[in-house]
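Here is the structure we will look at.
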Amino acid sequence: MEGAFETADGVWRVEVVRYRGLGQLYRVRRGDELVADRTVIARVEQLLGDAMSTLQPAPVERAGVA
């Protein structure tokens, strides 16, 4: 994981992930639920809607390379 962001209310988390052979994509979580994986920024914007504007940097949990 290269970076992470959370909405101000903590409901949404967007993780920036570099996948071998695919490049930089995004993983979206709502609470403990994985909503989307290996998706593009346009899909992230669609999922978050207005909450996209409240994204703030969040701690990155490094568990290895994806």
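Values for this structure:
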{"item": "Boolean, Arg13 is surrounded by fewer than 17 Cβ atoms within 10 Å (Cβ to Cβ) and either outside any strand (DSSP E or B) or out of contact with any Gly (no Cβ under 6 Å at 6 or more places or on another chain) (or both)", "result": "no"}
{"item": "Residue match in the range 23-45 (condition: charged (D, E, K, R), assigned to a loop (DSSP other than H, G, I, E, B) and over 12 Å from the mean Cα position of the chain (by Cα))", "result": "yes"}
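Read-outs: derived from the displayed coordinates by stated rules, not from any lab. The shown structure was predicted, so the numbers you read here are calculated from the model rather than taken from an experiment. Here the Cβ is made from the backbone with ideal geometry for all residues, glycine too, and neighbour counts use every protein chain on show.
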